[in-house]
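Written out below as structure tokens is the structure these notes cover.
The values are calculated or read from the model by the stated rules, or taken from the named source; none is laboratory data. On a predicted model such as this, the values are computed, not experimentally measured, just so you know. Because the Cβ atoms are built from the backbone with ideal geometry, glycine has one as well, and the counts that use them run over all protein chains shown.
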Amino acid sequence: MMGTNAAGAAAHPSGPSPSADSSQALLTALGRVIDPELRRPITALGMVRSARLDGGQATVDLALTVAWCPMADRIERDVREAVASVEGVTEVDVEVGVMSDEERQALFDRVRGGRHNRFGPDNTLTRVIAVGSGKGGVGKSTVTANLAVALRRHGLAVGIMDLDVHGFSIPGLLGIAGARPNRVEGLVMPPRGHDVPAISIGMFTEGTEPVSWRGPLLHRTIEQFLSDVWFGDLDVLLVDLPPGTGDIAISFGQFVPQAEFLVVTTPQPAAAEVAVRAGLLARRLGQPIAGVVEAMSAMPLPGGELLELFGAGGGAETARRLSTPQQEVELLASIPLSVALRAGGDSGVPVVIGEPTDPAAVAFRALADRLVQRAPSRAGRSLL
């Protein structure tokens, strides 16, 4: 498919005749165009077959991965804008084609890197934080979604893996309920909510269909999520674990033993009791405890009083009981009860975005700040 002249291209003076220098200038500009799904420069992915400049006429031979590429229009638009910014370019033609089977296989071989578990300790520099709790209904998924958005606003590339297979809620909390991942050459491209890519078993089920899986199938699902889902290059991966100390927590700990474990509880003593068990299991699997988050804590009232609907002290008690002589576990944040927080969960707009001045939003941003400050050192780790 032949492109048309770039609308509104800068009126530069006539450029040089075709040369290595002019082609390199085009390639340099094209290197700033990022594939929206693979999150890599299109030049590094082999999607630019050629780029040449003849007088002021720039011609780019662009190869999409598949003919039905859902991002084709966006990629072509970004290519036109990048090329039009090069000095000497007055017109842009983009010839859009489709990769051959051999080209496409070579691309995905590069993306895969020959690895299976992308987030294993030897395969990634991504910081993996598992968010877990001892019991359900304590706000664990709400913490995950809002923390992801707050970290994204730090400028970090953040993704979410929802492993709460039987009680998944991340798609709804991010406003992407009903979204389906794209599949290309065995890779799964997760949909994005508020610029956070997220994968959930809920994206592979219909309506209210229950997920009635047992241990071996759950283990295989985690393995596939870790190997086949393509998030791009992430700074942080948040993993929403199911509550308790069951098969998924154990399997995930075996696959990603370096993951930090963030314990979520409520102020209730009963919730703190079971939250400690979840933290102890993570420690037994070798996962360091990142800290404790107390959700549903005291709600500020208009008159200045605090409504302790679920009591007080559960988060601090959980942190105290998980502390050892080798590691003092901290209560990193107390997230107050909030009407705006609940409403944001229902509407798919996290409170961090929808009501940024709400006390819950302020607490989530403070939590993100503390986790960024406490990021583990990468010194001595391989970059490969």
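Put simply, of Leu218, Leu173 the only residue that is modelled with pLDDT of 95 or more and either outside the structural domain of Asp369 (by TED's automatic domain parsing) or out of contact with any Lys or Arg (no Cβ under 8 Å at 6 or more places or on another chain) (or both) is Leu173. Do we find that Ala10 is in contact with a Ser or Thr (Cβ under 8 Å, 6 or more places away or on another chain) and either at pLDDT 80 or above or in the same structural domain as Val96 (by TED's automatic domain parsing) (or both) in this structure? No. Condition (residue is in the same structural domain as Ala148 (by TED's automatic domain parsing), at pLDDT 85 or above and farther than 23 Å from Val292 by Cβ) applied to the range 255-269: is it met by at least one residue? Yes, that holds for at least one residue.
Given the options Arg220, Arg284, name the one that is of a type outside the set (Gly, Ala, Ser) and closer than 15 Å to Leu163 by Cβ. None of the other options fit; the residue is Arg220. Sub-7 Å Cβ pairs linking a first residue in the range 283-310 that is outside the structural domain of Val263 (by TED's automatic domain parsing) to a second residue that is part of a helix (DSSP H, G or I), at least 6 apart or interchain, number zero. Within the range 292-306, being surrounded by fewer than 23 Cβ atoms within 10 Å (Cβ to Cβ), at pLDDT 90 or above and not in a loop (DSSP other than H, G, I, E, B) holds for one residue alone: Met299.
Do we have Ala275 as modelled with pLDDT under 90, assigned by TED's automatic domain parsing to the domain that holds Ala340 and either in a helix (DSSP H, G or I) or basic (Lys, Arg) (or both) here?
Details: modelled with pLDDT under 90: no; assigned by TED's automatic domain parsing to the domain that holds Ala340: yes; either in a helix (DSSP H, G or I) or basic (Lys, Arg) (or both): yes.
In short, no.
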